[in-house]
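Heads up: the structure comes next, in structure tokens.
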Amino acid sequence: MTRSYYAAHGGHPPQTELLTGRAVFTEAYAVIPRGVMRDIVTSVLPFWSGTRAWVIARPLSGFAETFSQYIMEVAPGGGSDKPEPAKEAEGVLFVVEGEMTLTLEGPAHRLTAGGYVYLPPGANWTLENRSAAPVRFHWVRKAYEAVEGIPPPEAFVTSDAEVTPTAMPGTEGKWATTRFVDPGDVRHDMHVNIVSFEPGAVIPFAETHVMEHGLYVLEGKAVYRLNSDWVEVEAGDFMWLRAFCPQACYAGGPGRFRYLLYKDVNRHMKLKSPFAR
């Protein structure tokens, strides 16, 4: 299967371009289209050299509160020897363009487009771009929710090409999910998967569930149902959904539609005591 991964490159539109766009933020969802990923909205991070980031999701009270997601761009020679400042943070790295060297608990791994890394809390890792071109990757971060008696998961390195997609029942493979973690493994409290639709495939009902979502479109285009709205999306767009936002999809483009999907899983809902002060 041929795979493609859209990567933001920044820049600025010309002064002659219209101001109208597809960006929208509502009480239930946000759409950050690829045209928003400009130089002016990048961030720099402590202890990262030659690096900039587009922050496309962050914990936000009353909206989505469990995760953050960055699009990272590391120039040749750049990287970090102290990348993660939070000891409780777990993470996933997914490469969309270029090449990087990841040192994880000792061994070094060369990662290219489609490369995938799971980083448990407290993982010892560094990252360097030893190539002659920028490397671009997604970094999803979440505060790991430890459970007494259940050990945290181990770190691992794999790739999109190494994992066989699982077809959704009754779809003849037209709707499939590349699962990098066993859904029954309760050590994991988040999944970052790839969801794929062949042209004309659908999510045939409005999913309404407790999981928060980040959906970055890697390839193709579709019409997505978000709450009560139908929204056109394409490669490079990001959809950010709070819990219980209804969602469905129709893959209407001429080619395959694929997105990188974050969701929080496998934990009890946090309860607040009525006596708490």
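The values are calculated or read from the model by the stated rules, or taken from the named source; none is laboratory data. As the structure is a computational prediction, the values presented were derived from the model and not from experiment. Positions of Cβ are generated from backbone atoms using ideal geometry, with glycine treated the same way; all protein chains shown enter the neighbour counts. Note: accessible area is taken over every heavy atom of the protein model, side chains too, but ligands, DNA and RNA are not part of it. Shrake-Rupley method; radii C 1.70, N 1.55, O 1.52, S 1.80 Å.
From Ser61, Ser80, grab the single residue that is farther than 18 Å from Met190 by Cβ and at pLDDT below 95. If you could, list the steps in order and put the result at the bottom.
Working: Ser80 fails: at pLDDT below 95.
Ser61 is the lone residue from the list that is farther than 18 Å from Met190 by Cβ and at pLDDT below 95.
Take the range 140-155 and flag every residue that is more than 17 Å from the chain's Cα centre (by Cα) and either of a type in the set (D, E, K, R) or within 24 Å of Ala57 (Cβ to Cβ) (or both).
Pass one, the range 140-155, residues more than 17 Å from the chain's Cα centre (by Cα): 145-155.
If the condition is that a residue be more than 17 Å from the chain's Cα centre (by Cα) and either of a type in the set (D, E, K, R) or within 24 Å of Ala57 (Cβ to Cβ) (or both), then Glu145, Ala146, Glu148, Pro152, Pro153, Glu154, Ala155 are the ones that fit.
What are the residues in the range 5-25 that are closer than 16 Å to Val233 by Cα and in a loop (DSSP other than H, G, I, E, B), if any?
Taking the range 5-25 as the starting set, the residues that turn out to be closer than 16 Å to Val233 by Cα are 5-8, 20-25.
Scanning the range 5-25 gives Tyr5, Tyr6, Ala7, Ala8, Thr20, Gly21, Arg22, Ala23.
Mind listing just one residue for me: the one in the range 61-77 that is assigned to a strand (DSSP E or B) and open to solvent by 20 Å² or more (accessible area, probe 1.4 Å) and, of those, nearest to Asp264 (Cα to Cα)? If you could, list the steps in order and put the result at the bottom.
Of the residues in the range 61-77, the ones assigned to a strand (DSSP E or B) are 67-77.
Among the residues that remain, those that are also open to solvent by 20 Å² or more (accessible area, probe 1.4 Å) are: 70, 73, 75-77.
Details: Tyr70: 17, Glu73: 25, Ala75: 31, Pro76: 34, Gly77: 34 Å.
Restricting to residues being assigned to a strand (DSSP E or B) and open to solvent by 20 Å² or more (accessible area, probe 1.4 Å), the top hit is Tyr70.
Out of Val117, Val140, Val135, I need the residue that is surrounded by 14 or more Cβ atoms within 10 Å (Cβ to Cβ), farther than 21 Å from His191 by Cα and in contact with a Leu (Cβ under 9 Å, 6 or more places away or on another chain). Which one? Before you say what the answer is, go through the steps one by one.
On the way: Val117 fails: farther than 21 Å from His191 by Cα; Val140 fails: farther than 21 Å from His191 by Cα.
So the residue among Val117, Val140, Val135 that is surrounded by 14 or more Cβ atoms within 10 Å (Cβ to Cβ), farther than 21 Å from His191 by Cα and in contact with a Leu (Cβ under 9 Å, 6 or more places away or on another chain) is Val135.
Taking only the range 162-207 into account, find how many residues are open to solvent by 60 Å² or more (accessible area, probe 1.4 Å), at negative phi and among the acidic types (Asp, Glu).
So the answer is 3.
Any residue in the range 48-60 that is among the polar types (S, T, N, Q) and either open to solvent by 50 Å² or more (accessible area, probe 1.4 Å) or not in a loop (DSSP other than H, G, I, E, B) (or both)? Please lay out each step first, then the result.
Step one: list which residues in the range 48-60 are among the polar types (S, T, N, Q), which gives 49, 51.
With the extra rule that they be either open to solvent by 50 Å² or more (accessible area, probe 1.4 Å) or not in a loop (DSSP other than H, G, I, E, B) (or both), the set shrinks to 49, 51.
Yes; the residues of the range 48-60 include at least one that is among the polar types (S, T, N, Q) and either open to solvent by 50 Å² or more (accessible area, probe 1.4 Å) or not in a loop (DSSP other than H, G, I, E, B) (or both).
As an exercise: evaluate Pro85 against (1) surrounded by 17 or more Cβ atoms within 10 Å (Cβ to Cβ); (2) over 22 Å from Ala133 (Cβ atoms); (3) touching a Pro at 6+ places or on another chain (Cβ under 7 Å) and give the number of the one condition it does not meet.
Here Pro85 clears every test but (1).
Please find, within the range 30-39, the residue that is farthest from Gly220 (Cα to Cα) out of those that are at pLDDT 95 or above and assigned to a helix (DSSP H, G or I).
Only one residue tops the list, namely Asp39.
So which residues in the range 167-221 are among the charged types (D, E, K, R), touching a Lys or Arg at 6+ places or on another chain (Cβ under 6 Å) and farther than 24 Å from Leu93 by Cα?
Glu198
Can you tell me which of Arg141, Arg52, Arg58 is touching a helix residue (DSSP H, G or I) at 6+ places or on another chain (Cβ under 9 Å), closer than 24 Å to Arg34 by Cβ and of a type outside the set (A, V, I, L, M, F, W, C)? Quick ask: steps written out before the conclusion?
Values: Arg141 fails: touching a helix residue (DSSP H, G or I) at 6+ places or on another chain (Cβ under 9 Å); Arg58 fails: touching a helix residue (DSSP H, G or I) at 6+ places or on another chain (Cβ under 9 Å).
The match here is Arg52.
Farther than 24 Å from Gly114 by Cβ, surrounded by fewer than 22 Cβ atoms within 10 Å (Cβ to Cβ) and either among the polar types (S, T, N, Q) or touching a residue at least 24 places away in the same chain (Cβ under 8 Å) (or both): is that true of Val210 in this structure?
On the way: farther than 24 Å from Gly114 by Cβ: yes; surrounded by fewer than 22 Cβ atoms within 10 Å (Cβ to Cβ): yes; either among the polar types (S, T, N, Q) or touching a residue at least 24 places away in the same chain (Cβ under 8 Å) (or both): yes.
Answer is yes for this residue.
If you scan the range 120-132, which residues turn out to be in contact with a Leu (Cβ under 9 Å, 6 or more places away or on another chain) and surrounded by 14 or more Cβ atoms within 10 Å (Cβ to Cβ)?
So the first thing to find is which residues in the range 120-132 are in contact with a Leu (Cβ under 9 Å, 6 or more places away or on another chain), and the list is 123-128.
Selection gives Ala123, Trp125, Thr126, Leu127, Glu128.
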